Amino acid sequence: MVSSLEKSEINLHNKANFLARQARLASAVFIQYSQAQVDKIVKAMTIAAIESAQLLAQKAYSETRMGVVEDKILKNLVASEFLYNQVKDKPTVGEINILVDENIVEIAEPLGVILALTPVTNPTSTVIFKSIACAKTRNSIIFSPHLMAADSSNLAAKILYDAAIANGAPKGFISWIEKSPRLRRQTEILMTHSDIDLIFATGGTQMVKAAHSSGKPALGVGSGNTPVYIHKSADIKPTVNDIIISKTFDNGTECPSEQTLIIDVEIAPAIIAEFKHLGCYICQDNEIEMLANIVVDSRSRSMNYKLVGQSAVFIANQAGFNVPENTKILLCELKGNIQQHKLIVEKLMPVLGYVTVDNLNNGINRALDVNYAGGTGHTSGIFAKDEQVIKLFTNSINAGRIIVNSPTSIGGLGGMYNNLNTTLSFGCGTGGGNITTDNVGIKNLLNIKRQPQRKNFSVSFKTTKQIYSNPGSLSYLKELAIKNPFIISSHNAMKRGFINQVIEKLPPLVLPTIFAEINNEPDWSCVEKALAKIKQANCDSIIAIGGGSVIDLAKIVRLFYDHPNLNLSEIAISFLDFRHRMCEFPEALTTKLIAIPTTSGTGSEVTPFAVLKDNSKHLKLSLIDETLLPDVAIIDANLTLSLPQNITKDTAFDALTHSLEALVSTFSSDYTDGLALEAMRLIIEALPKVLIEPTNIIYRHKLHNAATLAGMAIGNASVGLNHAMAHSFGAVFDIPHGLANSVFLLTTLAYNSQIPNKFMAQSNYPQWIADLKYVRAFEYLGLYPELKISVDYTNESFETRQKLILALRQKIYDFARVCNQPLSIEELGIAFADYEKHIPSLVQATFMDMSLRTNPGYPFMKDIYNLYIDAYPKRKRP
Amino acid sequence: MTQTPEKVISLPSILDKPVNDIEKYLVNNDCNLLLDFINCNFITVDGIEWLEEILVRANSKSIKIMFANIQPDIYKVFKISRIEVILKVCGATQNFAPFC
């Protein structure tokens, strides 16, 4: 047997299912409507609402006995006419916005079926507002009216629905729950119904809480408690006038309306006098006590809902005292600790608290007391002429709407006093348990789909502006327009006589200052020493002559000489995106930097990189920015003639690694490819000859040029995995950089020529082509005759490409063997046990090295571990 | 019963009311139907409800109705409407509501 209660419950579920189904079908059909169809429906609904504004206001008042009919008419007009004017030209169908700078298109999609809870205080205007907003956004809406206002709310819904249907709206897109004692229960059923997509709750705290607890997405509103600070700079008469307009609007039923005034003591008497003059009643202490007893419910410590929207005269009578007929507002001074005063709460009626304050800080603090007594996130107001005061108040107060020099209730509604979205639903952010602080409107009733266009970066190529390349080009120094250069060099360069050569080539009367205190790997203390000296000499330029360390140091010294307030730790930050680095370098440097390399390897004379040892952390700091590029590079191979064989080899292998890594870098381009390939060719041609005949200037010149070309390539394409491993390994085992590079070269070449386990995510690198690039190197180096086959690299199979890459690897192997260059860790004489124990930390350091960011494959840490293992044993010919 | 439709009926561009041909066919025949949506680019609530109704009726007579050439706009309407019998004809088996 089914009990009558169960029957009633089944019946409620059936009704809920019916409402939800028809709303769902309507929302499905609505998706097909064009903007023009939607706008026609919205206009018809607006006209119907305007024509029915008076009828609906009267109906609402007679049903609820709250507020003022004339003001309810105005609210209905705001909810229709004002809303229409704000939304009529706004696109809500299809593409609604094109963000040109961001290259993003925004497309509107309806939310679906909305369950709308409506309040007793604004029963018709809220329905008008939500119906029009839903039509504009192609959503279906089911109204759950407040039980005490259901007839008027549902009448408003029907009037608008009829107008919409007559203009082509989908059947059932507006519906409502009929008035019944089970209305609340039916609402609860719908709140968790599978066909409801969103709950749009405007109303009492309990209903809003229930909406948020339903598990559905919900647009709720919070309770208000609007503090209004009247600063001494405010105009007294307009201020009081605005507050009276606002607080008496619909007898105070608007939740953004003023609740407590905080008045600067200097103007308090005049303000109160003006209120009195305009028909407000200033309550005596005993009357305030009487009012507090009936306005505030002693158990809940919140307002007495029976007095919501009642007149001042009625409320005073209920409290037990009489006020003059037509009294507009009952003003109550909240003496003592305002936070403990009963009347600090929200009072949706013409009862207004006030306190006086003796300074700005107290004024804002008392406003915060009211704000945090149940009104966080909602609305606040300030009257002041002083912009600074307004700013301070705005920054401090926790309110979604901060209404300045205007009425908070009608101001909060938006459209009349300001350009806020017209709304009857005030988002209060997390302060009010909501997801938004918006004046909730059409924007909140759309799912915005965003279609970003793929970024197309323009490839830039930057390098040192002036490059002088030929044996003897050091003589260019004579043409420099400098007076007192700072010559930076190393002990070794001093011994090799380079500094004297530079001084000899300088123009007459130039007085150089010399700093030749650089060891192998300079650290910050070295920079400081150099800075002290250059500042003392007040030099106008820097000439760096030496290897990569010397030129790197010179770049850093120039940077800090020109910008002494820079912080090294802030500009030596690892980053992921080479184009949008988080380190901010100065835009320009004034001190000229002339870089003269004496080794053929790093290419520092044409790169925007500088490396500095951090002794405290046992790591190397990398600085990267185009600002670091020298102004002039002099590539004079005469300076390399006396370079020892081991340094010649190591630095040449550094340059060879640069060319191989730049070629397959995810930042590579046609510009860098050409440089990398030619650098590679020159090195392979010249190095063996230089090793046999170190003073052969022709091959020294080719090798020197190769290093600079490879430097230009990495300066724009960066390096990759090999450098990341070499940096880590070299730092731990104190191995020269070029030598460290060479021992991983065949390991990383083999790894990068295979399809990666994980591709490097780079928006400018549309596909993985590392193997094709290696094939290009194979071709450019002219290795076909050795292979005795002919292949068009653009068409051949992956397997064929692998054969060609194997030939390239063999070529590198043979080349290294000819040069007697180690190709593995074991060949460096490092014991495996000692090496192995460091591998975990090497893997970590490698993974965090910036060089890895442009490698064509993104290795997992286990891959890097295996690569370290692979690089150990004596290398055999691939 | 075979899966092959014995009758192909083209639906109108706006499906907002019953299609008489189909009504008659359902009354007088018991073989499969293929509804061709090639021309159908708008469907109303009444249209959806009618589709649902004829599918239920066809099921009760063991007539199989199939859809062809559904345009994405119409297919999306079916997806949003979550009408089980319609989505089944479109190939769905369960989970007619979106889930995450």
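The values are calculated or read from the model by the stated rules, or taken from the named source; none is laboratory data. It should be emphasised that the depicted structure is a prediction, and the values quoted were computed from it without experimental measurement. Neighbour counts are summed over all protein chains in view; Cβ atoms, including those assigned to glycine, are modelled from backbone coordinates with ideal geometry. Note: areas computed on protein heavy atoms with side chains; ligands, DNA, RNA excluded. Shrake-Rupley method; radii C 1.70, N 1.55, O 1.52, S 1.80 Å.
Some points to look at:
- Each peptide in A:305-317, A:720-732, A:378-390 was scored by the mean count of other Cβ atoms within 10 Å over its residues; highest first, the order is A:720-732, A:378-390, A:305-317.
- Degrees separating the helix A:670-692 axis from the principal Cα axis of chain A, which is the longest one: 30 degrees
- Length-normalised contact order for segment A:462-642 - Cα pairs under 8 Å, 6+ apart - percent: 30 percent
- Average other protein chain Cβ within 10 Å of Cβ, residues A:533-543: 0
- Look at the stretch B:76-83: the mean tally of other chain Cβ atoms within 10 Å of its residues' Cβ atoms is 5.
- Rounded to 10°, Cα long-axis angle of helix A:861-870 versus longest principal axis of chain A: 10 degrees
- Size descriptor, Kirkwood hydrodynamic radius, that averages inverse alpha-carbon separations across segment A:501-549, Å: 12.2 Å
- On the principal axes of its alpha carbon atoms, segment A:653-878 extends 45, 44, 32 Å, with the longest extent given first.
- In this structure chain A gives 41 Å² per residue of accessible area when probed at 1.4 Å with all protein chains present.
- Cα-based Rg of segment B:6-100 normalised by 2.2 N^0.38 Å, two decimals: 1.03
- Across segment A:38-152 the C-alpha pair distances fall into 5 Å bins from zero in the proportions 2, 12, 20, 19, 18, 12, 8, 5, 3, 2, 1 percent.
- Using C-alpha pairs below 8 Å separated by at least 6 residues, the relative contact order for chain B is 28 percent.
- The residues of segment B:7-89 expose, per residue, 47 Å² of accessible area to a 1.4 Å probe.
- Ellipticity estimate at 222 nm from DSSP helix runs (n ≥ 4, -39,500 (n - 2.57)) divided over chain B, nearest 500: -12000 deg cm²/dmol
- Shape summary of segment A:586-739, radius of gyration then Dmax from alpha carbon positions: 15.2, 46 Å.
- Spatially, segment B:13-83 and segment A:141-176 are offset by 30 Å when compared through their Cα centroids.
- Average Cα contact separation per residue, segment A:653-878, under 8 Å, 6 or more apart, as relative contact order %: 28 percent
- Out-of-range pairs (alpha-carbon distance over 26 Å; input A:K209/A:K443; A:K90/B:K76; A:K43/A:K209): A:K43/A:K209
- Accessible-area order (highest first, 1.4 angstrom probe) of the listed residues A:M303, B:M66: B:M66, A:M303
- Protein heavy-atom accessible area occluded, B/A pair - total, 1.4 Å probe, Å²: 1400 Å²
- Lysine pairs with alpha-carbon atoms under 25 Å apart, segment A:653-878, spacing 8 or more or separate chains: 25
- Counted charge near A:W768, where neighbours are those whose Cβ lies closer than 15 Å (Asp, Glu -1; Lys, Arg +1): +3
- Just so you know, the averaged projected area of the alpha carbon convex hull for segment A:24-96 sits at 6.1 nm².
- Descending principal axes extents, segment A:216-370, alpha-carbon based, whole Å: 44, 43, 28
- Centroid-to-centroid separation of segment A:629-694 and segment A:12-69 [C-alpha atoms, Å]: 76 Å
- Average other protein chain Cβ within 10 Å of Cβ, residues A:832-842: 0
- For the protein assembly as shown, alpha-carbon Rg relative to the globular expectation (2.2 N^0.38 Å, N residues): 1.33
- Fraction of the pair-distance distribution of segment A:4-219 above 25 Å, Cα-Cα pairs, percent: 38 percent
- Sorted peptide list for A:115-121, A:774-780, A:101-107, A:205-211, criterion being average Cβ within 10 angstrom, highest first: A:115-121, A:774-780, A:205-211, A:101-107
- Rounded to the nearest 10 degrees, the angle from helix A:832-848 to the longest Cα principal axis of chain A is 50 degrees.
- Every Cα-Cα pair in segment A:667-733 was counted, and those over 16 Å apart are 55% of them.
- Largest to smallest accessible area among A:H13, A:H704 [probe 1.4 Å]: A:H13, A:H704
- All Cα pairs of segment A:127-281, percent lying beyond 29 Å: 39 percent
- Legend: residues in segment A:28-55 shielded by at least 40 square angstrom of accessible surface upon adding the remaining protein chains to the isolated chain (1.4 Å probe, heavy atoms) are A:A28, A:V29, A:I31, A:Q32.
- Taking only the alpha carbons of segment A:815-878, we obtain Rg and Dmax values of 13.2, 34 Å in that order.
- Ranked by the mean number of other Cβ atoms within 10 Å of their residues, highest first, the peptides B:16-24, A:817-825, A:629-637, A:689-697 come out as A:629-637, A:817-825, A:689-697, B:16-24.
- Among the protein heavy atoms of the protein assembly as shown, carbon and sulfur supply 52% of the accessible surface, probe 1.4 Å, non-protein parts ignored.
- Residues of segment B:36-68 that bury at least 10 Å² of accessible area when the other protein chains are present, relative to the chain alone (probe 1.4 Å, heavy atoms, ligands and nucleic acids excluded): B:F42, B:I43, B:V45, B:D46, B:I48, B:E49, B:E52.
- Residue-averaged [θ]222 nm for chain A, counting only DSSP H segments that reach four residues, each worth -39500 (n - 2.57): -14000 deg cm²/dmol
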